[in-house]
Each structure stands twice: as structure tokens, then as C-alpha cells.
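Here is the structure we will look at.
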Amino acid sequence: MADRESDEGAPGTLTEEQAVRMLAGMNEVIRAGEEMRKLRAEMIKLFVGFGWTQDTIARIADMSQPAVSKQVAKYGIEDLAAPMGLALDQYDTPWLEGRLWGLAEAVAETVDTARCTRCVEALARGRKRFTPRTVDELRRLLEDDLTRHRAELPAAFRAAYDEISRGLDVPPKATTGTPATVSASPSVRRTLAHQVQRDRLRDAC
């Protein structure tokens, strides 16, 4: 059996390398699906902490009320997250990463030839994760887009990027502004910051 698995030259035999390539895309989709389900569950927990009714949560999450009720039943009162502050000037890393993601997405939607588009799409679809390497990549691409398309983009875009970059470059304890709320998971923090940043950019334009 081992000989058959290692025999890459035999006709009709699937090599391990071929199998890895075939499964790579499937694994990304499966992993992204699991991560999105986990994130949705955490967001439901957050919404309950805000005092939203199960009917409201079911409607906005496109879920049945019994499904939401089952999800909520998993949480004890002590486990519910306190309502989080949504001030833009928070400086924990996940919040800043979420803002960067939201800004890059806005740039990609505004400029057809934006270099950051592929990275933004990969993050949104779960093909890339938020790691120091991917965040650095997104920053480089975004800064290049902001420079090359300065005339096409509102000044608020560059101002947001400069603020986010300063926050990412300076340790959180050395920054000023609203203290970071870290009770929620990094994924929830990024998701909220992404939406808040998008809303602020929309209001500014």
C-alpha cells in the first residue's frame, strides 16, 4: 500500500500532492464555514447582552426563533457580554485590524483598480486570516492605493489610515483615547470595528 501511495508515475494513480491541491480549497471553505458559525454565535451573545429580543435577533440573523432560543439557552446570565462601547478611537489590536479591514473594503469599492481588493476579498471569505503578516500585507497595499488614487478618494480615507497605522505601530498602553474593551473575542471586535469604520466613512463622504 505504501508503495502504491508513493508511486507518482503509475497511470491512474492519484498522488498525495494532487490530493493536497484538490482538498486545499475545500478545507478553506469548511474552515471558513466553521469560523463564521462560531462568530455568528458570539454575535448573538453580544446582541442578547445589548438587551435585544430573540425575535429581533432571529430577524436580523435570518434564523428561526427556536434556533436563536436554543443558542441563547447555552449562555448563563453571568456569561452574557456587557454592552460594548462603539467609539471609533479604541486601540486594541483586533479593533484596529477591523478598522483597517473596513477602510480597505471601502477603497476597493471606490477604486476599480485597487491593489488591496484581492486581499480584502480573501479576508472576507475566510481564505486569509488576520495574522501580523496578512495585516502588514494589507497595510502596504492600502497605503499604495491611497497614494496612487489620492485624487479619487475622500480625505477622510487617508486620515483614517494614518490614525489606524499609528495605533498599530504604538503599543496600546502608550496610546490615548477610549480604553479598549476586551471582553469580546478578537473576531467580534474586528467585525464591530469593521462596521463602525464603514459607517463613519459613509457619513464623512
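The values are calculated or read from the model by the stated rules, or taken from the named source; none is laboratory data. On a predicted model such as this, the values are computed, not experimentally measured, just so you know. In this analysis, Cβ positions are derived from the backbone assuming ideal geometry, glycine residues included, and neighbour counts consider all displayed protein chains. Side chains are part of the model used for accessible areas, which takes the heavy atoms of the whole protein and leaves out ligands, DNA and RNA. Shrake-Rupley method; radii C 1.70, N 1.55, O 1.52, S 1.80 Å.
Which value, in Å to one decimal place, does the Kirkwood hydrodynamic radius take for the stretch 28-166 when every pair of different Cα atoms is included?
One over the average 1/r among Cα pairs gives 17.1 Å for the stretch 28-166.
At a Cα cut-off below 19 Å, give the aspartates and glutamates reachable from K45, other chains included and same-chain residues fewer than 8 away excluded.
Of all the aspartates and glutamates, those that pass the test against K45 - Cα under 19 Å, at least 8 places apart if same chain - are E34, E35, D55, D62, E78, D79.
Mind ranking W52, W95, W101 by accessible surface for me, highest first, 1.4 Å probe?
Solvent-accessible surface, decreasing: W52, W101, W95.
Could the peptides 102-109, 191-198, 68-75, 16-23 be put in order, highest first, of the mean number of other beta-carbon atoms found within 10 Å of their residues?
102-109, 191-198, 68-75, 16-23
In angstroms, what radius of gyration and Dmax does the stretch 82-159 have, counting Cα atoms only?
12.9, 42
Short version: ³J(HN,Hα) in whole Hz for each residue of the stretch 192-200, in order, from phi by Karplus 6.51 cos²θ - 1.76 cosθ + 1.60 (θ = phi - 60°), x for Gly and Pro, what are they?
In residue order, the calculated couplings are 5, 5, 4, 5, 4, 5, 4, 5, 5 Hz.
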